[in-house]
Amino acid sequence: MMKIKITPVAVMFLLLAQLAGCSTNQLPPATTRASLTTSVDNYNYLIGPGDNLNIFVWQNPEVSGSFVVRPDGKITTSLVEDISVTGKTPTQLARDVEKALSKYIRDPIVTISVNRFNGPFSEQVRVIGEATNPKAVNYAEDMTLLDLMIQVGGLTQYADGDDAKLIRVVNGEQKEYPVYLESLIKDGDIKENVDILPGDILIIPEAWF
């Protein structure tokens, strides 16, 4: 019987082939991040990267100023480095800054206002597909589906508006709801207008002709 000689190089190629067979080119799905707003009656603006914050410390102008939230969701002030700000209301952040400054200033009183609004990605509303101007929209209180469609310029001529889907995170899970944009926009069927929540994703497919 003829013996087959297996060289170290052949063994290496066999191992590589096995590893390649076990590996996958598929990335894991995106992390689901639910909005902190679950009701249209309980909305508070949350600070996000890119927001411009005015921090006023009463009787301490030297530590007051204007600060842009970094992409990592933090800011650095005159006395305190790397304060995490994203996902907080201006009032919550003011209390956090007071606590941080209390190490250096006796009984600091802080007021925070927002000049430029972006908010966290989890609070933005995204429109993709056959909208005239698909984009991420900053949520505003009492926003409805009709308000959102005005923001993106309505439907394209190729849109299948009555087959659109709205994706919303409910109790940590993504759920899909049908929406009827054609009926709402072109037929004026106002009963198809629904409330929008921060974090919603609107998908508008192309029509099959």
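The values are calculated or read from the model by the stated rules, or taken from the named source; none is laboratory data. Nothing here was measured: the structure is a model prediction, and the numbers come from that model. All Cβ positions, even for glycine, are placed from backbone atoms using ideal geometry, and neighbour counts span all protein chains on display. What goes into the accessible areas is simple: the full protein's heavy atoms, side chains included, and nothing from ligands, DNA or RNA. Shrake-Rupley method; radii C 1.70, N 1.55, O 1.52, S 1.80 Å.
Those residues that are among the hydrophobic types (A, V, I, L, M, F, W, C) and surrounded by 15 or more Cβ atoms within 10 Å (Cβ to Cβ), I need them from region 57-80; list them, please. Give the derivation first.
Of all residues in region 57-80, those among the hydrophobic types (A, V, I, L, M, F, W, C) come to 57-58, 63, 67-69, 75, 79-80.
Correct list: Val57, Val63, Phe67, Val69, Ile75, Leu79, Val80.
Pairs needed: first member in region 180-206, within 29 Å of Gly87 (Cβ to Cβ); second member anywhere, among the β-branched types (Val, Ile, Thr) and open to solvent by less than 20 Å² (accessible area, probe 1.4 Å); C-beta distance under 7 Å; at least 6 residues apart or different chains.
Val194/Val179; Ile196/Val125; Leu197/Thr37; Pro198/Thr37; Pro198/Val125; Asp200/Val125; Leu202/Val127
Criterion first (of a type outside the set (A, V, I, L, M, F, W, C), open to solvent by less than 70 Å² (accessible area, probe 1.4 Å) and either at pLDDT below 85 or out of contact with any Lys or Arg (no Cβ under 8 Å at 6 or more places or on another chain) (or both)) does Asn54 satisfy it?
yes
With respect to Val114, is the statement that it is closer than 22 Å to Tyr45 by Cβ, surrounded by 14 or more Cβ atoms within 10 Å (Cβ to Cβ), in contact (Cβ under 8 Å) with a residue 24 or more places away in the chain and in contact with a helix residue (DSSP H, G or I) (Cβ under 7 Å, 6 or more places away or on another chain) true?
Yes; evaluated as a whole, the condition is true for this residue.
Which of the strands (runs of 3 or more DSSP E) found entirely inside region 131-209 contain at least 3 residues meeting this: within 17 Å of Val40 (Cα to Cα)?
164-170
Out of (1) open to solvent by less than 60 Å² (accessible area, probe 1.4 Å); (2) modelled with pLDDT under 95; (3) out of contact with any helix residue (DSSP H, G or I) (no Cβ under 8 Å at 6 or more places or on another chain), the odd one out for Ala140 is which?
Of the numbered conditions (1) open to solvent by less than 60 Å² (accessible area, probe 1.4 Å); (2) modelled with pLDDT under 95; (3) out of contact with any helix residue (DSSP H, G or I) (no Cβ under 8 Å at 6 or more places or on another chain), the odd one out for Ala140 is (3).
Residue by residue through region 168-193, note down the ones that are surrounded by 15 or more Cβ atoms within 10 Å (Cβ to Cβ), of a type outside the set (D, E, K, R) and farther than 13 Å from Ala131 by Cα.
Answer for region 168-193, where residues must be surrounded by 15 or more Cβ atoms within 10 Å (Cβ to Cβ), of a type outside the set (D, E, K, R) and farther than 13 Å from Ala131 by Cα: Val169, Val179, Tyr180, Ser183, Leu184, Asn193.
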